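K.L.:
Before we start, here is the structure in question, set down as structure tokens.
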Amino acid sequence: MSESVDFTDIYADEAMVDRATEVIRSGRYVKGPMVERFEEAFADFCGTDHAVGVASGTDAIYLSLKAAGVEPGDDVFVPAHTFFATVSPVLELGATPVFVDHDPETYTMDPDDLAEKVSAADDPAAVVPVHIYGHPAEMDAIGDVAADHDLAVIEDSCQAHGATYRGDRAGSLGDAGAFSFYPSKNVTVAGDGGMITTDAPDLAREARMLRNHGRNDDGEHVRLGLNHRLGELHAALGLEQLDHLDEWNENRRAAAERYTERLRDVDQVDPPVARDHVEHVFHLYVIRVPDRDDLQESLETAGIDTGVHYPVPTHEHPAVSERLDGTPQVPRTEELTDEILSLPMHPRITDTEIDQVCATIERHYDR
Ligand SMILES: Cc1ncc(COP(=O)(O)O)c(C=O)c1O
């Protein structure tokens with residue numbers, strides 16, 4: 001009888017406990033030195049001049065768009081194949097999401113479809129490419145379209161901590177990068193948290209004000225802003241985790257390589273692709289199969305946890321669809337959602353576990 005296989009694994013160690021204890025003993029829970037230290041370390045890690053800690057990845061996207069000047073009525077280009085939180089900030093700002101289809105190989109935003117949709121738009125203002133599953137979007141081609149139409153580029157890097165595109169890290173490839181530290185992410189703050197990365201001092205200053213009630217350094221509320229701050233405890237835990245990130249990403253890549261090698265001969269399975277000019281960080285290892293629901297059931301029966309990211313295209317969720325004029329033209333996304341399956345993936349997954357998942361998939365197709 002084989003063991004069950006978990007989808008993910010949440011890391012904890014004594015060093016994290018020590019960091020938390022240090023903050024608790026200090027009595028500084030907000031606006032203290034840990035957030036600043038985490039911001040500096042994260043900016044350094046991404047290769048940007050600034051990083052601004054916020055309360056979640058969703059806040060990071062929302063505040064980046066706002067700080068970049070997106071206004072009600074503007075058109076903001078988003079992939080249709082992503083998590084809801086890439087799109088909800090656009091709608092919260094009163095802007096209009098324009099849905100772009102994906103590259104059939106990497107599932108990231110298709111720059112040709114982007115170019116077409118930008119040309120047809122009335123008020124193009126920003127684009128939010130998502131480095132989905134940990135594979136960077138085609139930032140050169142997207143950047144060219146953005147430059148031609150004066151679009152702000154906000155990278156949704158919530159699944160791509162440490163990923164590189166032509167040698168540069170996610171978060172340093174556009175006007176700003178938005179990161180999530182939700183517990184299942186490649187690095188977490190042991191709770192909710194987020195970060196904005198940027199080289200632009202004005203955008204960083206604006207984001208810092210907006211996250212703290214729109215307040216400037218003189219204590220005046222010069223913007224209408226809410227409270228989107230990151231707490232000291234979370235920052236301290238993020239700082240500790242960041243030290244492990246490169247090693248954990250290496251482990252994820254090694255696990256992905258083993259999966260792909262093992263699944264190579266299973267005709268029904270399309271394994272994920274990593275283009276030569278990127279370093280994928282495999283936040284998720286997502287295969288494409290013709291009978292997703294059946295395969296998921298076989299794996300579940302064998303005690304193997306899987307996921308679907310995402311079962312419904314973003315524009316089909318009621319909160320989005322009821323705010324749209326017309327149906328977005330994204331035929332590839334509609335097909336993809338029924339065929340994708342995320343296999344167990346985390347830095348501590350063992351070869352035995354991967355082999356067990358692959359053997360179950362082989363048996364499923366040998367029936
Ligand atoms: C692609 C993407 N965008 C945005 C988010 C939102 O991040 P958070 O859950 O920290 O608000 C997530 C993570 O959940 C995500 O995966």
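The values are calculated or read from the model by the stated rules, or taken from the named source; none is laboratory data. Just so you know, these numbers come straight off a predicted model, no measurement behind them. Here Cβ is always computed from backbone atoms with ideal geometry, including for glycine, and neighbour counts include all displayed protein chains. Heavy atoms of the whole protein, side chains included, go into the accessibility calculation; ligands, DNA and RNA do not. Shrake-Rupley method; radii C 1.70, N 1.55, O 1.52, S 1.80 Å.
K.L.:
Select from SER172, SER298, SER157 the residue whose mean-square fluctuation is largest in a Gaussian network model of the chain (Cα-Cα springs shorter than 10 Å).
P.N.:
SER298
K.L.:
Quick one: how many Å² of VAL17 are accessible to a 1.4 Å probe, rounded to 10?
P.N.:
70
K.L.:
Follow-up. Suppose accessible area is computed on protein heavy atoms with a 1.4 Å probe; arrange LYS66, LYS31, LYS117 from highest to lowest. Write out the running numbers ahead of the final one.
P.N.:
Details: LYS66 65, LYS31 110, LYS117 40 Å².
Descending order: LYS31, LYS66, LYS117.
K.L.:
Okay, next question. Please work out the FRET efficiency for the pair ASP338 and ASP305, using the Cβ-Cβ distance as r and a Förster radius of 22 Å; give the result to the nearest 0.05.
P.N.:
Values: r = 20 Å, r/R0 = 0.91.
Calculated transfer efficiency: 0.65.
K.L.:
At 0.36 nm per residue, and after removing the present C-alpha to C-alpha distance, how many nm does the segment from ASP276 to GLU22 gain when stretched out fully? Please report the intermediate quantities before stating the final value.
P.N.:
Details: separation 254, 0.36 × 254 = 91.44 nm, distance 4.30 nm.
Additional length available on full extension: 87.1 nm.
K.L.:
GLU261 accessible area, nearest 10 Å², 1.4 Å probe?
P.N.:
Solvent-accessible area, nearest 10 Å²: 110 Å².
K.L.:
Rounded to the nearest 10 Å², what accessible area does SER26 have for a 1.4 Å probe in the complete protein model?
P.N.:
Accessible area of SER26: about 70 Å².
K.L.:
Provide the per-residue ³J(HN,Hα) series for the stretch 7-21, in order, calculated from phi with Karplus coefficients 6.51, -1.76, 1.60 and θ = phi - 60°, each as a whole number of Hz, with x at glycine and proline positions.
P.N.:
3J(HN,Hα) across the stretch 7-21, in whole Hz: 6, 9, 8, 9, 7, 8, 8, 5, 4, 5, 4, 4, 4, 5, 4.
K.L.:
While we're on this one: Dipole of the chain (Lys/Arg Cβ +1, Asp/Glu Cβ -1, origin at the Cα centre): which of ILE304, GLY32, VAL100 lies farthest to the positive side?
P.N.:
Of the options given, the answer is GLY32.
K.L.:
What is the P(r) of the stretch 38-97, as percent of Cα-Cα pairs per 5 Å bin from 0?
P.N.:
All Cα pairs, binned at 5 Å, distribute as 4, 18, 23, 21, 15, 13, 5, 0 percent.
K.L.:
To check you understand DSSP bridge types, tell me what percent of the beta bridges within the stretch 141-204 (both residues inside) are antiparallel, rounded to 5. Before the final figure, lay out each step's value.
P.N.:
On the way: 6 of 9 bridges.
Antiparallel bridges: around 65 percent, rounded to the nearest 5.
K.L.:
³J(HN,Hα) across the stretch 119-130 via Karplus (A = 6.51, B = -1.76, C = 1.60, θ = phi - 60°), whole Hz, x for Gly/Pro?
P.N.:
Rounded to whole hertz, the list is 4, 8, 8, 7, 10, x, 10, 7, 10, 10, x, 10.
K.L.:
Please find, in a Gaussian network model of the chain (springs between Cα atoms separated by less than 10 Å), the residue of ILE196, ILE24, ILE340 whose mean-square fluctuation is greatest.
P.N.:
ILE24
K.L.:
Would you list, by chain and number, the aspartates and glutamates whose Cα falls below 12 Å from the Cα of LYS117, excluding same-chain residues fewer than 8 positions away?
P.N.:
Within reach: ASP75, ASP101.
K.L.:
Let me ask something else. Please report, in debye to the nearest 20, how large the charge dipole of the stretch 151-307 is about its Cα centre when each Lys and Arg carries +1 at its beta carbon and each Asp and Glu carries -1 there. Walk me through the intermediate numbers first.
P.N.:
On the way: 17 positive and 30 negative charges, 72 e Å.
Once rounded to the nearest 20, the dipole reads 340 debye.
K.L.:
Okay, moving on. Quick check for you: with a 1.4 Å probe and neighbouring chains kept, what is the accessible area per residue of the chain, in Å²? List each step's numbers first, then the result.
P.N.:
Values: 15980 Å² over 367 residues.
Ligands and nucleic acids excluded, the figure is 44 Å² per residue.
K.L.:
Within the accessible area of the chain, what % is carbon and sulfur when the probe is 1.4 Å and the other protein chains stay in place?
P.N.:
Details: 7100 of 15980 Å².
Solvent-exposed carbon and sulfur of the chain make up 44 percent of the total.
K.L.:
Using only the Cα atoms of the chain, what do you get for the radius of gyration and for Dmax, in Å?
P.N.:
Here Rg and the maximum Cα pair distance are 20.6, 70 Å.
K.L.:
Then there is this: Tell me, what is a quarter of the convex hull surface for the C-alpha atoms of the stretch 245-366, in nm² with one decimal? Show your work: numbers first, answer last.
P.N.:
Values: hull surface 37.7 nm².
It is 9.4 nm².
K.L.:
According to a simple spin-label model (label point 7 Å from Cα along Cα-to-Cβ), what is the distance in nm between GLU316 and GLU297?
P.N.:
1.9
K.L.:
Per DSSP H run of at least 4 residues, take -39500 (n - 2.57); add these up for the chain, divide by its residues and hand me the 222 nm value, nearest 500 deg cm²/dmol. Write out the running numbers ahead of the final one.
P.N.:
On the way: 13 runs with 140 residues, N = 367.
That calculation yields -11500 deg cm²/dmol at 222 nm.
K.L.:
Could I ask something else about it? Please state the relative contact order of the chain as a whole percent: Cα pairs under 8 Å, 6+ residues apart? Before the final figure, lay out each step's value.
P.N.:
On the way: 783 pairs, mean separation 81.9, N = 367.
Value for the chain: 22 percent.
K.L.:
Which FRET efficiency, nearest 0.05, do GLU116 and HIS244 yield, Cβ-Cβ r, R0 41 Å? Kindly include the intermediate steps, with their values, before the conclusion.
P.N.:
Details: r = 42 Å, r/R0 = 1.02.
After rounding, the FRET efficiency stands at 0.45.
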